[in-house]
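K.L.:
My structure is below; once you've seen it, I'll send some questions.
No lab work stands behind these numbers, since they all come straight from the coordinates. For clarity, every value in this text was computed on a predicted model and none was experimentally measured. Here the Cβ is made from the backbone with ideal geometry for all residues, glycine too, and neighbour counts use every protein chain on show.
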Amino acid sequence: MQDRKTLILIAPAFAWLTAFMVVPCLLILALAFFRRGIYGGIDYEFTFENFGMVFDPLYARIFLKSAWIAGLAALIASVVGYAAAYAIASMPRHRQPALLFFAILPFWSNYLVRTYAWIVLLNREGLIVGIARALGFDGELPQMLYTEGAVVLGLVYNYLPFVILAAYAPLSRLNPEIAEASRDLGAGGWTTFRRVILPITLPGVATGFIFVFVLSIGNFVTPALLGGGQFQMIGNLVYAQFLTANDWPFGSALSMVLIAVMLVLLTLQTYANEHASTGRQSTERADG
Amino acid sequence: MTTLLSLRHVEKHFGHVRAVNGVSLDIRQNEFFALLGASGSGKTTLLRMLAGFEALSGGQILLNGKDISHVPPNHRPVNLMFQSYALFPHMSVAQNIAYGLEMEKLPRTEIRQRVDEILATIQLSALASRKPEQLSGGQRQRVALARALVKRPQLLLLDEPLGALDKKLRGEMQLELKRIQHQFGITFIIVTHDQEEALVMADRIAILQHGELLQCAPPREVYEHPANRFAAEFIGVMNVIPVARDGAKLTAAEGSLIRADIPDGMGGDLVAAVRPERLRLDAHACENRLSGRILATAYHGLDLQVHIETPAMPKPLICRVTADAAEARSFRTGDVLSLGWSRADTRIFAA
C-alpha cells in the first residue's frame, strides 16, 4: 500500500525527467560516438575520434581555463557567501528570514538582465569609471569589461546566493553552546572559529562551492557577455559546435565529458556530506 | 572553611526584566553547592555570569578575593558543563577532552597522560576514539564532565547535568557526581530545577525565585525549616492549611484548633504547613488533627500516598503511609480517615 502510494507520487516527476532529461542525454551520448558529416550532418559510423579531440591540447586548454575560472568563482563565492551566512546566522532569530530574503532577491530578476547590468557598471564610459572621474581620478583606468576578472565577478555575483543558503543551513543549526564550550575551555574567538565552527559547518560550504563550480564551468552567457569573446569557456565551445560549427558529434563529446566531471564532483560532495557530522544537538534550555 | 567564590549584590537586567536581582552568596572551598529554582528563576543566568557568558548589570563576582566580573570566559579558572553537553561533534572523545588542555599549550605527552587518566576515571577508555554521536546519553554526559574536569578548574559549574538522563541513570549519576567531586576536591556549583537532586547531592542549597535569593542553607534545614511558603511548597510535598488567627490561637476552616509556634512579627493571613510523612494514623495521640474522606490512593511501592478531602483545605491533604501500615489496614476511597501530627512538625507561613 505504502509502496503504491510512493510510486504514484514519484511517477510524474520520474516520467518528466526521463522524457526530457535522461532521453536527450542518451541521444547526445549516442551522437558523440558518430562521425561528423562533410557538410555538417552526421555520418552514422561508430568512432572514438570525438573524445580524442576533446583531449587535444587546444581544447584541453579551454577545459582547464574553464575549470580555473569556475574554481576561482566558486572559491570567492564560498568565502564571501560564508561570511554573509555567518553574519545572518548570528543575528537575532526573528530577523534572519528577512536577511535571507534580501540575499536571494537578485534571483527574482532575469539572469541576462543582471549580467547586462554589469556591462553598464564596468564599461569604459560606465558607472564605475564615471564615479572615479567625478572623484577627481584622471589617470588611466585599467580595462574592466571583457576581462577574465569581469567573468569571475559575474559568476560570483550570480551564484553567491547559493553559497549563502548552503552555508546558512548548518550555521543556523549549530548549537550556540558548542561555541561557548570552546570559549569556556580556553579558546579565543578565532581559535573557536577555526577549530570548532568552521569544521562543523564546512560541509555546507562544500555544497555551495560545488554548486557554483558546476554552474560556472558550463556557463556560456557570462563569458560571452562579460568576457566579450576574448576567451572561450567550455560552454561557449559546446554552444559553437552546435550552432555555428555544426559539429554535433564533437559538441556532444564535449558535453559528455563536462557532465562526467560534474557527476564525479556531485557524487564526491554527496558522499562527503553523508559522512560529516552535522553538529546538530539539542539547543533547548530548561531555564531562562 | 575558606571562601572560594563571593557574589556581591549581583544583578542582571534584560531590558526591564530583572533576571537576577541583588544576589549575594559565599561559596566555600570544596563545597557541592546547588542553585535551585523553577523556570525563569534566574539560576541559569546566574551560572552563565559565573562562567563569563553574561555581563553583570551590577555587583561583583570575586574568586579567591579577586574580582573576575569582567574576565572573559576563556581566561577564567572556571569551567562549565553545559546542559546540552555541547560536545564537539567532529572530534573523538579523546580529542574533545584534550581540547581544553591544548588551549593551555601543554606538552603533548602531558596532554595524552591527563586525557588517559581522566578517561580511566570515568571508565570510558575503551571509547576514546568514538565520535559523540556514537555514544549513549549517559556516556556523553560523562565525556562532558571529563572535558571540564581535565582542566582542573578551581570551580566547576554544572547546568542541569542530569536533566537529559532517564530516572534510574540519574540516581546513579547523583552519587557518581558526589564521588567525583570528593575525589577531585573541586568546588561544584550545580543548577537544577529538581529539588530531589539538590537535596541528595548538595552540601548547601540556594533557592532562587524571580531572580532573588530566597534561602541558602543545608538540605535538611531547607527541608525542615523553609524560609517561606514558596520554598516550603517547592521543596518536597507540603500540606498547606489556611488558618484564622486570634491572638496565639489558630483555627482551620472547619473549626479544628491548630497548635503551632508562630514566628515573631508574622502578621496578615497565615497558613499552617505539615509534611505528608509527619502525618500519623493514631490521630488521638497528636496535638493537631484533621479528618476527611479518602479521595484517592497512589501506590509507590515504598509507601502509599493517601489523598484526603477535608473542608479545612482547598487542596487534598496528602499523607504517606508506610508499606507496613498500608498492609495492616485497608484504605478505600470514600472512607473517613483521621490524621494527626505534632506541634513541633507544624510550620507557620504568611499566606
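K.L.:
Quick one: helix A:2-17 against the long Cα principal axis of chain A, what's the angle to the nearest 10°, folded into 0 to 90?
P.N.:
Approximately 50 degrees, to the nearest ten.
K.L.:
How big, on average over all directions, is the shadow cast by the Cα convex hull of the stretch B:65-158, in nm²? List each step's numbers first, then the result.
P.N.:
Details: hull surface 26.0 nm².
Computed as one quarter of the Cα hull surface, the answer is 6.5 nm².
K.L.:
Same structure, new question: Of the options B:Gln174, A:Ala60, B:His90, report the single residue whose Cα projects farthest towards the positive end of the charge dipole of the protein assembly as shown (beta-carbon charges: Lys, Arg +1; Asp, Glu -1).
P.N.:
B:Gln174
K.L.:
P(r) tail for the stretch A:172-258, what percent of Cα pairs lie past 21 Å? Before the final figure, lay out each step's value.
P.N.:
Details: 2044 of 3741 pairs.
The share of Cα pairs beyond 21 Å in the stretch A:172-258 comes to 55 percent.
K.L.:
Could you please tell me the mean projected area of the C-alpha convex hull for the stretch B:292-351, averaged over all directions and given in square nanometres to one decimal? Spell out each step's value before the answer.
P.N.:
Details: hull surface 19.8 nm².
So the mean shadow area of the Cα hull is 5.0 nm².
K.L.:
If the only charges are +1 at each Lys and Arg Cβ and -1 at each Asp and Glu Cβ, what is the size of the charge dipole of the stretch B:20-124 around the Cα centre, to the nearest 20 debye? Numbers along the way, then the final one.
P.N.:
On the way: 9 positive and 9 negative charges, 17 e Å.
That gives a dipole near 80 debye.
K.L.:
If you take every DSSP beta bridge fully contained in chain B, what fraction is antiparallel? Give it as a percent rounded to 5.
P.N.:
Details: 54 of 73 bridges.
If I count the DSSP bridges inside chain B, around 75 percent turn out antiparallel.
K.L.:
Under the rule of at least 5 residues apart or a separate chain, name every residue whose amide H is placed under 5 Å from the amide H of B:Leu80.
P.N.:
Under 5 Å from the amide H of B:Leu80 lie the amide H atoms of B:Leu157, each far enough along the sequence or on another chain.
K.L.:
Let me ask something additional. Going toward the positive end of the dipole of the protein assembly as shown, with +1 on Lys and Arg Cβ and -1 on Asp and Glu Cβ, which of B:Ile122, B:Ala283, A:Leu121 do you reach last?
P.N.:
The residue sitting farthest along the positive end of the dipole is B:Ile122.
K.L.:
Largest first and to the nearest Å, give the Cα extent of the stretch B:1-116 along each principal axis.
P.N.:
48, 33, 24
K.L.:
Over all distinct alpha-carbon pairs, what is the Kirkwood Rh of the stretch B:256-299 in angstrom?
P.N.:
Numbers: mean 1/r = 0.0758 Å⁻¹.
Kirkwood hydrodynamic radius for the stretch B:256-299: 13.2 Å.
K.L.:
Right, here's the next one. Tell me the angle of helix A:248-274 to the major Cα principal axis of chain A, expressed in degrees between 0 and 90 and rounded to the nearest ten.
P.N.:
20
K.L.:
Two decimals is fine: what is log10 I(q)/I(0) at q = 0.12, 0.17, 0.18 Å⁻¹ for the stretch B:218-276, from a Debye sum with one equal scatterer on every Cα and no solvent?
P.N.:
Here log10 of I(q) over I(0) equals -0.30, -0.59, -0.66.
K.L.:
Could you compute how fast the stretch B:3-224 diffuses translationally, taking Rh as the Kirkwood radius over C-alpha pairs and applying Stokes-Einstein at 10 °C with viscosity 1.306 mPa s? Give it in µm² per second.
P.N.:
Estimated diffusion coefficient is 89 µm²/s.
K.L.:
Count, for each residue of A:170-178, the Cβ atoms from other chains sitting within 10 Å of its Cβ, then give me the mean as a whole number.
P.N.:
So the per-residue partner count for this stretch is 3.
K.L.:
All other residues with a Cβ under 13 Å from the Cβ of B:Leu119 taken together, and with Lys, Arg as +1 and Asp, Glu as -1, what is their net charge? Please report the intermediate quantities before stating the final value.
P.N.:
Details: positive: B:Arg112, B:Arg114, B:Arg130, B:Arg142, B:Arg147; negative: B:Asp116, B:Glu117.
Neighbour charge sum, excluding B:Leu119 itself: +3.
K.L.:
Which ordering of B:Met81, B:Met173 is given by a fewest-first count of other beta-carbon atoms within 10 Å? Intermediate results must be reported in sequence, preceding the final value.
P.N.:
Numbers: B:Met81 25, B:Met173 20.
In order of increasing Cβ crowding within 10 Å: B:Met173, B:Met81.
K.L.:
Can you spot the aspartates and glutamates whose alpha carbon is less than 14 Å from B:Lys43's alpha carbon? Ignore those fewer than 8 places along the same chain.
P.N.:
A:Asp287, B:Glu11, B:Glu54, B:Asp159, B:Glu160, B:Asp194, B:Glu212
K.L.:
Cβ under 13 Å from B:Ile318's Cβ, B:Ile318 left aside: what net charge do those residues give with Lys, Arg +1 and Asp, Glu -1? Intermediate values should be presented prior to the final figure.
P.N.:
Numbers: positive: B:Arg275, B:Arg278, B:Lys315, B:Arg320; negative: B:Glu233, B:Glu277, B:Asp303, B:Glu309.
Summing Lys and Arg as +1 and Asp and Glu as -1 gives 0.
K.L.:
Could you tell me what % of all Cα pairs in the stretch A:1-131 have separations over 17 Å?
P.N.:
On the way: 6937 of 8515 pairs.
So the pairs more than 17 Å apart make up 81 percent of the total in the stretch A:1-131.
K.L.:
List B:Asp264, A:Asp138, A:Asp184 from most exposed to least, where exposure is judged by having the fewest other Cβ atoms within 10 Å. Display every interim value, and only then the final one.
P.N.:
Numbers: B:Asp264 5, A:Asp138 8, A:Asp184 28.
Least crowded to most crowded, the residues run B:Asp264, A:Asp138, A:Asp184.
K.L.:
While we're here: As a footprinting exposure proxy, order B:Asp67, B:Asp345, B:Asp26 by other Cβ within 10 Å, with the fewest listed first.
P.N.:
So the ranking, lowest neighbour count to highest, is B:Asp67, B:Asp26, B:Asp345.
K.L.:
Under 15 Å from the Cβ of B:Leu337, count the other residues' Cβ atoms, weight Lys and Arg +1, Asp and Glu -1, and hand me the total.
P.N.:
Values: positive: B:Arg280, B:Arg289, B:Arg293, B:Arg320, B:Arg329, B:Arg332; negative: B:Glu254, B:Asp282, B:Glu309, B:Asp335.
Summing Lys/Arg as +1 and Asp/Glu as -1 gives +2.
K.L.:
Cα centroid distance between the stretch B:297-351 and the stretch A:90-158, in Å?
P.N.:
Taking the Cα centre of each part, the stretch B:297-351 and the stretch A:90-158 sit 78 Å apart.
K.L.:
Please express the Cα-Cα pair-distance distribution P(r) of the stretch B:237-350 as a list of whole percents, one per 10 Å bin, running from 0 to the bin with the greatest distance.
P.N.:
15, 48, 28, 9, 1
K.L.:
Please report, in debye to the nearest 20, how large the charge dipole of the stretch B:178-333 is about its Cα centre when each Lys and Arg carries +1 at its beta carbon and each Asp and Glu carries -1 there.
P.N.:
Details: 17 positive and 20 negative charges, 55 e Å.
Result for the stretch B:178-333 is approximately 260 debye, rounded to the nearest 20.
K.L.:
Alpha carbons only, please: Rg and Dmax for chain A, in angstrom.
P.N.:
23.5, 79
K.L.:
Hey, got the average number of other protein chain Cβ atoms within 10 angstrom for residues in B:72-83? Walk me through the intermediate numbers first.
P.N.:
Numbers: counts 3, 8, 10, 3, 3, 1, 1, 4, 6, 2, 9, 7.
Partner-chain Cβ atoms within 10 Å, mean over residues of B:72-83: 5.
K.L.:
Just need the relative contact order of the stretch A:21-274 here, percent rounded to a whole number, with Cα pairs under 8 Å and 6+ apart.
P.N.:
32
K.L.:
Moving to a separate point now. Per the Debye formula with a single identical scatterer at each Cα and no solvent contribution, what log10 I(q)/I(0) holds for the protein assembly as shown at q = 0.08, 0.10 Å⁻¹?
P.N.:
For the requested q values the scattering log ratios are -0.82, -1.03.
K.L.:
Which of the three applies to the stretch A:106-169, rounded, prolate or oblate, going by the alpha-carbon gyration tensor with a ≥ b ≥ c and a/c under 1.5 meaning rounded? The partial results should precede the final answer.
P.N.:
Numbers: a/c = 2.42, a/b = 2.21, b/c = 1.09.
Prolate, because a/c is 1.5 or more and a/b exceeds b/c.
K.L.:
Follow-up question, since we're still on this one. Could you give the dipole magnitude of the protein assembly as shown about its Cα centre, charging the beta-carbon of Lys and Arg +1 and that of Asp and Glu -1, in debye to the nearest 20?
P.N.:
The dipole of the protein assembly as shown has a size of about 240 debye.
K.L.:
Same structure again: Post the alpha-carbon centroid distance, the stretch B:220-250 to the stretch B:269-292, in whole angstrom.
P.N.:
The stretch B:220-250 and the stretch B:269-292 have Cα centres separated by 12 Å.
K.L.:
Any chance you could check the Cα centroid distance between the stretch B:10-25 and the stretch B:73-147 for me, in angstrom?
P.N.:
33
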